[in-house]
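> So that we are looking at the same thing, I have put the structure below in structure tokens.
The values are calculated or read from the model by the stated rules, or taken from the named source; none is laboratory data. What you are looking at is a predicted structure, and each value in this text was computed from that prediction instead of being measured. Glycine gets a Cβ as well: all are built from the backbone with ideal geometry, and neighbour counts include every protein chain shown. What goes into the accessible areas is simple: the full protein's heavy atoms, side chains included, and nothing from ligands, DNA or RNA. Shrake-Rupley method; radii C 1.70, N 1.55, O 1.52, S 1.80 Å.
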Amino acid sequence: MCRWAAWSGAPKFLEELICDPEHSLIHQSRNAFSCKTQVNADGFGLAWYDYRKEPCVYKDVRPAWADANLLQLAHHVRSPLFLAHIRASTGTATSHDNCHPFTHGRWSFMHNGQIGGYGLIRKRLDAMIPDHLYQYRTGATDSEALFLIAVGYGLEHDPVGAMRRAVQEVEDVARTHGQLPYMRFAAVWSDGQHLFAARYASDNRAPSLFYRNFADGTSVVSEPLDEAPEAWTEVTSGTIVLLADGSMEEQRFNASMVSAA
């Protein structure tokens, strides 16, 4: 499993989530609390938005605590919307192309969770990626496949419906040809203006997801960044949080709501 943090609001230095808090992502890369793997050292990645529509991305295969360039970037880069991810592989190789966030055009995506029996169904999932998008399948993870499937289902025009459909149909494949747990999904995706964060599982063990509202914006995280747990709201499984223009909305995100296309 992995850990991640995202910000939407007034421009903020990346280090204010990645480095500064007492339980920052740097700290979580060595000592996470709310997941199976305490150490998340299989690479990291950042995606941030500024003056261009497309996000800028920085990734490396080293542990987050061991990259001096990450600390420099986090100290100097300020953004109104950014995603940061530290990886603990569930089976695929530690490589640059397997590090989150994944991007396509203006969209960025990062994920914590797993698709059950991914090794058994990987070829089937790849076949669900439209031909015109398959050239962007640079890595080997289930997360990247899920993202590109959602892009193919119309993420650009229906960012909630497309992701919900992708999660449901990938879960259906796992139920038929994979193995337990069929789907565990806590993810964030963004077009640089809107941020979407969802928590869902096919069983009762959805990966953790929290948010905290501040005067200047909202942090969405895998686990609280400080020792004030009462200040963080846990997102209920089967829920999606939508952030845009300083407002927040919650909706249901039960993949079973998707009807057959």
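> Once phi is turned into θ = phi - 60°, what whole-Hz ³J(HN,Hα) does the Karplus curve with 6.51, -1.76 and 1.60 give for every residue of the range 117-129, x standing for Gly and Pro?
Result, rounded to whole Hz: x, 3, x, 7, 10, 4, 5, 5, 5, 4, 5, 7, 7.
> Short version: ³J(HN,Hα) in whole Hz for each residue of the range 97-103, in order, from phi by Karplus 6.51 cos²θ - 1.76 cosθ + 1.60 (θ = phi - 60°), x for Gly and Pro, what are they?
Result, ordered by residue: 6, 8, 7, 7, x, 9, 9 Hz.
> Still on this structure: Taking Cα pairs under 8 Å and at least six residues apart, what relative contact order does the chain come out at, in percent? Working shown, then result.
Numbers: 596 pairs, mean separation 53.3, N = 261.
Relative contact order of the chain: 20 percent.
> Output needed: percent of Cα pairs per 10 Å distance bin for the range 112-169, bins running from 0 to the one holding the longest distance.
The percentages, shortest bin first, are 25, 57, 18, 0.
> How large is the dipole of the chain about the Cα centre if only Lys and Arg carry +1 and Asp and Glu carry -1, each at its Cβ, rounded to the nearest 20 debye?
The calculated dipole for the chain is roughly 660 debye.
> Roughly what angle does helix 159-177 make with the longest principal axis of the chain, taking Cα atoms, 0 to 90 degrees, to the nearest 10?
50 degrees
> How large is ³J(HN,Hα) for each residue in the range 147-153, as worked out from phi by the Karplus curve 6.51 cos²θ - 1.76 cosθ + 1.60 (θ = phi - 60°), to whole Hz, x for Gly and Pro?
Working through the residues one at a time gives 4, 5, 5, 5, 4, x, 7 Hz.
> Just the Cα atoms of the range 131-261: what Rg and Dmax do they give in Å?
15.3, 47
> Pairs of alpha-carbon atoms within less than 8 angstrom and 6+ residues apart define the contacts here; what relative contact order does the range 114-221 have, in percent? Don't skip to the answer; put the middle values down first.
On the way: 143 pairs, mean separation 25.9, N = 108.
Here the relative contact order equals 24 percent.
> Related question: What accessible area per residue comes out for the chain, rounded to a whole number of Å², with a 1.4 Å probe?
That works out to 43 Å² for each residue.
> Please tell me the relative contact order of the range 72-146 in percent, rounded to the nearest whole number, where contacts are Cα pairs under 8 Å and at least six residues apart.
30 percent
> Which option, (i) -0.59; (ii) -0.69; (iii) -0.52, is the value of log10 I(q)/I(0) by the Debye sum over Cα atoms at q = 0.11 Å⁻¹ that was calculated from these coordinates?
Evaluating log10 I(q)/I(0) by the Debye sum over Cα atoms at q = 0.11 Å⁻¹ on these atoms matches (iii).
> Here's another thing I want to ask about it. Take the solvent-accessible surface of the protein heavy atoms, probe 1.4 Å, and return the percent of it on the range 167-261 that carbon and sulfur atoms account for. Present the calculation step by step, with values, prior to reporting the outcome.
Working: 1860 of 4280 Å².
C and S fraction of accessible area: 43 percent.
> Pull up all non-local amide H partners of Phe82: gap of 5 or more, or a different chain, and H-to-H distance under 5 Å with H placed in the peptide plane.
Trp7
> Using +1 at the Cβ of each Lys and Arg and -1 at the Cβ of each Asp and Glu in the chain, identify which of Ser208, Gly192, Ala162 lies farthest towards the dipole's positive end.
Ala162
> Could you size up the charge dipole of the range 88-215 around its Cα centre, putting +1 on the beta carbon of Lys and Arg and -1 on that of Asp and Glu, and report it in debye to the nearest 20?
In debye, rounded to 20, the range 88-215 gives about 320.
> Now for a different question. Taking all protein chains as present, what is the carbon and sulfur share of the accessible area of the range 76-126, in % to the nearest whole number, probe 1.4 Å?
46 percent
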